[in-house]
Amino acid sequence: MRLWIVNQNAYAPFHSAGTRHWALARHLIERGHEVTVVATSFFHKTRIETRLEPGEEFKHEVVDGVPFCWIRSTPYKGNSIDRLLNMVSFSWRVWRERGLKQLPRPDIILGSSPHPLAALAAQRLAARYKIPFVAEIRDLWPETFISLGKLNRWHPLAQMFYRLERHLYRSADRIVSVLSGARDYIESHGGHGDKFHCIPNGVELSMVPEPAAPKRSDRFTLMYAGSHGLINELGVLLDAAKELQTEFSPSKLRIQLVGDGLEKPRLIERAKLEEIQNIEFLASVPKNEIYRKLQTADAFVMVMKDLDIYRWGMSPNKLFDYLACSRPTILSSCSAFDPIGASGGGVVVKPGSVPDLVNGIRQIVNLTHQQREAMGRRGRNYVEQHFSFAYLAEELEKVLLRALPNQPNAATYRKAA
């Protein structure tokens, strides 16, 4: 099987971001398939060009065994109209086969959100080649922005995205989503439930060092590593840190925030103004280095807004990274998708509640070293069984081969290959 994965914001291990499609492609290649990841060279999180020299429109590069086709897209800052132009420019160049004509013809194309324009370009390419198209839904557009209050449901832009969404659902031979409850949403927006398959995010365990207990220390380190955006609600974590200062001195409890995002400057300024001294802000770390950083923590924390969108599920990369590092995790979430509760790898608290978050942190800090080790091991065992990318790639392979004519299953294909 020759597969193209079209995802504008697909990342490689040298990026400080999730590497879902690099990992899935790597394991599919190991299973005998040919895979190319088609992505923009403009890094969304830092708003900088990362792979192309001036004058280059595209570049073919093999990154740790995975072929990428990097395509130039219009640069932007913040969330201005230039970001929409960035999406349009990438999608247009994919549809025009910029950099793709040099590649062997694919057997199947997977087009991934978050935004539907790139998936639409993938769908149009598949129609041109008369091959199957698989739509992958990672974020629900425009529903996420409506839930955040950033877009009115009846705004022309929202209506345009709804129409694109319905078109993708109806035209796809298979629909993959990281959201476990998305089947109902997709059916209510014109898709067929029998085409739906949930393949969540996960962790590339080969990148994670062997689990080791944290070094014993008089100071407890609680870490958040990930984006600093509106949806992460890190202001609640600052509220909790401020309250905990009266109980634990900075020499006893340190809360580290690792990463970047549009909210980070405001959070740093607030911590200074309010003299929240147990908070430490650290720069983002590339994916191929993040696990060694994570293993310096005693526990992790993840806070999320209480949004209606989460009734369809959630699948944050960082949560699986935390579990893989064998540390307890405090999860502030309302979603029914709950690997922390299911694994016993931490505690779950009510989102948006500072007292509940404070109590959750206090509960983990006051455990014995042995109790935290046992909790961390439970989380690691759970992610090994259910969320390793080796396992998820095998599940994706089944979906893709079912979409291909005359390829009834993976074993038949590999035998023929």
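The residues of the stretch 43-60 that are without any contact (Cβ under 8 Å) to a residue 40 or more places away in the chain, assigned to a strand (DSSP E or B) and surrounded by 13 or more Cβ atoms within 10 Å (Cβ to Cβ), listed by number, are PHE43, GLU49. Within the option set PRO106, PRO67, being within 22 Å of HIS27 (Cβ to Cβ), in a loop (DSSP other than H, G, I, E, B) and in contact with a strand residue (DSSP E or B) (Cβ under 6 Å, 6 or more places away or on another chain) holds for one residue only, PRO106. Checked against (1) among the β-branched types (Val, Ile, Thr); (2) in contact with a helix residue (DSSP H, G or I) (Cβ under 6 Å, 6 or more places away or on another chain); (3) buried (at least 22 other Cβ atoms within 10 Å of the Cβ), VAL354 meets all criteria but (3).
This table checks each residue for (1) of a type in the set (S, T, N, Q); (2) more than 18 Å from the chain's Cα centre (by Cα).
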site	(1), (2)
SER249	yes, yes
ASN288	yes, no
VAL301	no, no
ASP306	no, yes
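The set of residues in the stretch 187-225 being modelled with pLDDT under 95, over 19 Å from the mean Cα position of the chain (by Cα) and of a type in the set (Ser, Thr, Tyr) consists of SER188, SER217.
Yes or no, residue by residue, for (1) touching a helix residue (DSSP H, G or I) at 6+ places or on another chain (Cβ under 7 Å); (2) outside any loop (DSSP other than H, G, I, E, B); (3) crowded, with 19+ Cβ neighbours inside 10 Å; (4) not aliphatic (A, V, I, L, M):
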| site | (1), (2), (3), (4) |
| --- | --- |
| LYS242 | no, yes, yes, yes |
| LEU262 | no, no, no, no |
| PHE281 | yes, yes, no, yes |
| ASN288 | yes, yes, no, yes |
| THR296 | no, no, no, yes |
| PHE300 | yes, yes, yes, yes |
| SER315 | no, no, yes, yes |
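For the stretch 318-344, taking the residues that are assigned to a helix (DSSP H, G or I) and in contact with a Ser or Thr (Cβ under 8 Å, 6 or more places away or on another chain), the one that is surrounded by the most Cβ atoms within 10 Å (Cβ to Cβ) is identified as TYR322.
Can you work out which of the residues in the stretch 68-83 that are surrounded by 14 or more Cβ atoms within 10 Å (Cβ to Cβ) and in contact (Cβ under 8 Å) with a residue 40 or more places away in the chain is nearest to VAL6 (Cα to Cα)? Selected residue: PHE68.
Results for (1) within 27 Å of ALA17 (Cβ to Cβ); (2) touching a Pro at 6+ places or on another chain (Cβ under 6 Å); (3) hydroxyl-bearing (Ser, Thr, Tyr); (4) free of Cβ contacts under 8 Å to residues at least 24 places away in the same chain, shown as yes or no for each residue.
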residue	(1), (2), (3), (4)
PHE145	yes, no, no, yes
ARG153	no, no, no, yes
GLN159	no, no, no, yes
ARG166	no, no, no, no
VAL176	yes, no, no, no
SER180	yes, no, yes, no
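Which of the residues belonging to the stretch 182-200 are free of Cβ contacts under 8 Å to residues at least 40 places away in the same chain and more than 19 Å from PHE133 (Cβ to Cβ)? The one that is free of Cβ contacts under 8 Å to residues at least 40 places away in the same chain and more than 19 Å from PHE133 (Cβ to Cβ): SER188.
Inspection of the stretch 353-367 identifies no residue that is in a helix (DSSP H, G or I), of a type in the set (S, T, N, Q) and modelled with pLDDT under 95.
Does ALA127 meet the test of being surrounded by 20 or more Cβ atoms within 10 Å (Cβ to Cβ) and outside any loop (DSSP other than H, G, I, E, B)? Criteria not met by ALA127. Checked against the criteria, ARG93 does not count as buried (at least 19 other Cβ atoms within 10 Å of the Cβ), modelled with pLDDT of 95 or more and closer than 28 Å to GLU263 by Cα.
The values are calculated or read from the model by the stated rules, or taken from the named source; none is laboratory data. Every value quoted in this text rests on a predicted model; they were computed, and no experiment measured them. Every residue, glycine among them, receives a Cβ derived from its backbone with ideal geometry; neighbour counts consider all protein chains shown.
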